[in-house]
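The values are calculated or read from the model by the stated rules, or taken from the named source; none is laboratory data. Keep in mind it's a predicted model, so treat the numbers as computed, not measured. Here the Cβ positions follow ideal geometry from the backbone for every residue, glycine too, while neighbour counts run over all protein chains shown.
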Amino acid sequence: MKSFLTLFPVLLKRLSKKPLLIITLLLIPLSVLFLVHTTKPEDSILKVAIYCPDAEQDSPSQALTDTLMSLSNSAIRFYPVEKQEMVYQAIENQSADCGYLIPSDLDRNIASYIKNGTSILTAVHADDEMSTKVIDEIVLSKVYRIFSYQFVEHYLTTKLDAPVDTSSLKTSYDKYCKDELLFSFEYTDGQKEKDLSKTTNFLLLPLRGLLSVMILLVCLCSNFLWYEDQKTGLSKLLFPKAKHCFSFLSLLIPAFFAGALGLLSLYLSHVAENTFSELGAMAGLLVACMGLSYTLRNLLPSLPMYLACIPLLIVSSLILCPVFLSLESFFPAISHINRIYPTRYYLEALHYPQSLYALYGYGIITFLLGYLLSTIRNRFV
Amino acid sequence: MKQFNRYLFLEAKRIFKKLPGILLGSILLLLFLTGSIFFCQSVTSTTEDEKKIQIAIVAEPKEPFVDFMVSTLQKMKNIKYTLEFKRMSEKEAMKSFHQQKTAIIFYIPKNYIKSIFYGENKTIRVRFTRGQKTIVSFLMQQLCTAASSYILDTEAGIYSLQDYYKEHNLPAEASAELELNLKYINSIASLNKALKFEKIEVKDSYPPATTYLLSGIVLFLLLWGITFGTLLTSENIAFRNQLSLIGITLPKQLYAKYIVFFTVNLLLYLGLFGILSLVMGYAPAKVFLPFASHTDLWLFALQFSPVLLFSCSLIHCIFLWTKDALGGSIFLFGFTILSGLISGCFYPFSYLPDTLQRIAGKLPLYHGLHYGLEMTKGRFSTISFAFILGYSICFWGLTFLAEYLRKEQSE
């Protein structure tokens, strides 16, 4: 305890003499605020151009156009254009991801589709991406309301082989039409997921992953000072009986600072969820990153070899862990490789208890391994 | 000149002493990582089905229509090559989910189909994430909204048929209802025929795989600078002053340091392209590599070298300005990631808000990436090249300024 109280202010003061580290870490929450405020309400990931020729105000074509406009959110934004050519131009110069040409007589086209299979509307695409396929389904789902009525009307006409009382059928159909979401989303532990398409800024989606990689980098880089101490022998000279405490605090102080600012960034960006879960996961991450860092410095006594690991660990964490995209669905092998990175467990720890235990387990194992390597080194070197 | 060459040799010796460890370690680790991925991929993925994203449907064993729905979904043109639907028990689904074989689980509530007939809309639970949300989560939510519309509007059609039959006292309502249900399901499955597709060429579009490859190279070149933090920040002021006295002035000292640093990075750069050249022969890698032959690859490496010049200038500037390996490394990482995010390295550029797109146009990373992408199409982007060169000169100028101010202070 005495060593801890002696060393803590010494190491804290040493860290305070690295102003760039502190400034950079302080810039993280500021950068997050910057990203939060650069997104306007009309910004969205995917942009869709809609062309509908001059139709009557209450016509199905205009109603469909209005419905699509009302669906705009931070994921997809539908916007109208005045001329058909503007749809093609928008896609060519990438101001729109795709476009739709809605005919002025939509209901006649739908009736024709039911009878003869001719197309209802035109979709203009640049690429066959998953995102444009999803937009096709959204547009078709809105056309489907009109289609569904005409489908049942056509069915009755064919089945009964007689004219159908359309007014009572339409009244009945309109009575049963509803707009509801029949799906609820949940995490592995059964906890409900917040509404995804509301104000969440997609640029902040990888924030948690980026912060975890940043914390790993801080832990790895804090060993520069340890290598310097080993070279000069200063710590052994000044604190011969407190080398383990010195070793631990040299990792803990920068990691703790980075973790605290990371948590602050999560709260500023509204990405943070339950406070206890966040604290538990962040503590686990700090333990895991410190453990990995401690093991690596004892495993690699040579500074050049240690330096070689850092960019590779960082870049591979960003790619192989689901920070931006989960590549595991496309390359299942990655789920085996990314077990070596604390980031993988941290990203799942909030809602997948096994990952939280794995994160702490990872930290404990790496600390024990590092301690074993340190003991071996001290005995034989 | 002779003294300058001697100093250059000394500087090279200082850095090259550490180089084998750094370079060899990095290349070995890179080879190990790449090799592990390819090895595990070839062992793990054996069938076409295993390459699809698996979705589990969990329902009561006696729940009607579920098998029919699953087989109908399997036939849908938009999804049949990428998604695979399987009916499972809850236990099997969770086991598969934990093993990461299943990506999404749909839980159909008990007596779901019966509830629809009685006008009650139960909620289907979707369990699809173990970790944080991604853009795929957003799109999944949109797809579920579309699916809700299909279900509710189909119900409206069925109920209005029921009312019509009741109002007009028509016989055989149950069989008509069943027949209409089946027709509705088939019509939803083939609804994409309602769209007439037109495809148009996009100006300046790049394959996503190429964009990510080049983003990876640019980011790696910058983040690689973390390795040199301790080497670039160490200095001997007395030695520096001695050098000035014998005629190797400060600009010459910086110039020598830069040449050596650039040479080291060039070796790494060549090593990186060497690894790409090795993996070019493997079929899975061809998806990512936009080069028809090894000659094209190495020609590209030569043409892309201005980006290496820029990355060296930036790294050199950060560490020589700050003289702090720890802080400089964290700053370099933060700068690279933030610039990369804004410049379209992680997400397609078109996804970004307009404000950020305007800012990105001034950033060196954006121009580095754009320059490389234009190269893959056989075009030379003068503006991007000018930006890269301009930023390189600026950072070099800042380095000189930092050292000059430091020298003035010490005097």
Some residue of segment B:372-388 being more than 14 Å from chain A (Cβ to nearest Cβ), under 30 Å from B:K252 (Cα atoms), aromatic (F, W, Y) and free of Cβ contacts under 8 Å to residues at least 60 places away in the same chain: yes
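So that you can scan it fast, the table gives a plain yes or no per residue for (1) among the polar types (S, T, N, Q); (2) at pLDDT below 80; (3) surrounded by fewer than 21 Cβ atoms within 10 Å (Cβ to Cβ):
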site	(1), (2), (3)
B:H168	no, no, yes
B:L182	no, no, yes
B:I185	no, no, yes
B:A194	no, no, no
B:Y212	no, no, yes
B:N236	yes, yes, yes
B:F239	no, yes, yes
Looking only at segment B:279-303, and only at residues there that are modelled with pLDDT under 80 and aliphatic (A, V, I, L, M), the one that is surrounded by the most Cβ atoms within 10 Å (Cβ to Cβ): B:L289
Residue selected from segment A:269-309 under the condition among the hydrophobic types (A, V, I, L, M, F, W, C) and not in a helix (DSSP H, G or I), by the criterion surrounded by the most Cβ atoms within 10 Å (Cβ to Cβ): A:V271
Residue check for B:L178: modelled with pLDDT of 85 or more and touching a helix residue (DSSP H, G or I) at 6+ places or on another chain (Cβ under 7 Å): no
Number of the exception - B:F291 against (1) within 14 Å of another protein chain (Cβ to nearest Cβ); (2) under 24 Å from the mean Cα position of the chain (by Cα); (3) not aliphatic (A, V, I, L, M): (1)
A:I334 being crowded, with 20+ Cβ neighbours inside 10 Å and at pLDDT below 80: yes
Options B:E173, B:E167, B:E155; residue that is more than 8 Å from every other protein chain (Cβ to nearest Cβ) and over 20 Å from A:I120 (Cβ atoms): B:E173
All positions within segment B:315-354 that are within 7 Å of chain A (Cβ to nearest Cβ), within 26 Å of A:D97 (Cβ to Cβ) and not in a helix (DSSP H, G or I): B:F346, B:P353
Given (1) surrounded by 22 or more Cβ atoms within 10 Å (Cβ to Cβ); (2) facing another protein chain (nearest Cβ under 7 Å); (3) part of a helix (DSSP H, G or I), index of the condition A:V315 fails: (1)
Among (1) at pLDDT 70 or above; (2) facing another protein chain (nearest Cβ under 10 Å), the one test that B:Q3 misses: (2)
Qualifying residue in segment B:199-208 (condition: touching a strand residue (DSSP E or B) at 6+ places or on another chain (Cβ under 7 Å) and within 7 Å of another protein chain (Cβ to nearest Cβ)): yes
Any hit, segment B:118-137, residues being out of contact with any Asp or Glu (no Cβ under 7 Å at 6 or more places or on another chain), at pLDDT 85 or above and not polar (S, T, N, Q): no
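Suppose the filter is touching a residue at least 24 places away in the same chain (Cβ under 8 Å) and assigned to a helix (DSSP H, G or I); does B:L213 pass it?
Details: touching a residue at least 24 places away in the same chain (Cβ under 8 Å): yes; assigned to a helix (DSSP H, G or I): yes.
The answer is yes for B:L213.
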Segment B:356-409, subset assigned to a helix (DSSP H, G or I), surrounded by 15 or more Cβ atoms within 10 Å (Cβ to Cβ) and among the polar types (S, T, N, Q), residue farthest from the chain's Cα centre (by Cα): B:T399
Condition met for A:Y176 (within 8 Å of chain B (Cβ to nearest Cβ) and more than 16 Å from A:R108 (Cα to Cα)): yes
Given (1) modelled with pLDDT of 90 or more; (2) surrounded by 22 or more Cβ atoms within 10 Å (Cβ to Cβ); (3) acidic (D, E), number of the condition A:D97 does not satisfy: (1)
Test result for A:R297, free of Cβ contacts under 8 Å to residues at least 24 places away in the same chain and away from chain B (no Cβ under 12 Å): no
Qualifying positions in segment A:253-265 - hydrophobic (A, V, I, L, M, F, W, C), without any contact (Cβ under 8 Å) to a residue 60 or more places away in the chain and surrounded by 19 or more Cβ atoms within 10 Å (Cβ to Cβ): A:A255
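Residues of segment A:137-165 being charged (D, E, K, R) and either buried (at least 23 other Cβ atoms within 10 Å of the Cβ) or in a helix (DSSP H, G or I) (or both), which ones? Spell out how you get there, then give the answer.
Residues of segment A:137-165 charged (D, E, K, R): A:137, A:142, A:145, A:153, A:159, A:161, A:165.
Result: A:E137, A:K142, A:R145, A:E153, A:K159.
Would you please name the residue that is surrounded by the fewest Cβ atoms within 10 Å (Cβ to Cβ), looking only at residues in segment B:328-355 that are aromatic (F, W, Y) and at pLDDT 85 or above? Quick ask: steps written out before the conclusion?
Here is the first cut: in segment B:328-355, the ones aromatic (F, W, Y) are B:331, B:333, B:335, B:346-347, B:349, B:351.
Add one more test, that the residue is at pLDDT 85 or above, and what stays is B:331, B:333, B:335.
Details: B:F331: 21, B:F333: 24, B:F335: 16.
It comes out as B:F335.
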Scope segment B:304-316; condition modelled with pLDDT of 90 or more and either over 15 Å from B:L213 (Cα atoms) or out of contact with any Phe, Trp or Tyr (no Cβ under 9 Å at 6 or more places or on another chain) (or both); matching residues: B:S305, B:P306, B:L308, B:L309, B:F310, B:S311, B:C312, B:S313, B:L314, B:I315
Selected residue (criterion: nearest to A:V213 (Cα to Cα)) from residues of segment B:304-327 that are surrounded by fewer than 24 Cβ atoms within 10 Å (Cβ to Cβ) and within 25 Å of the chain's Cα centre (by Cα): B:L308
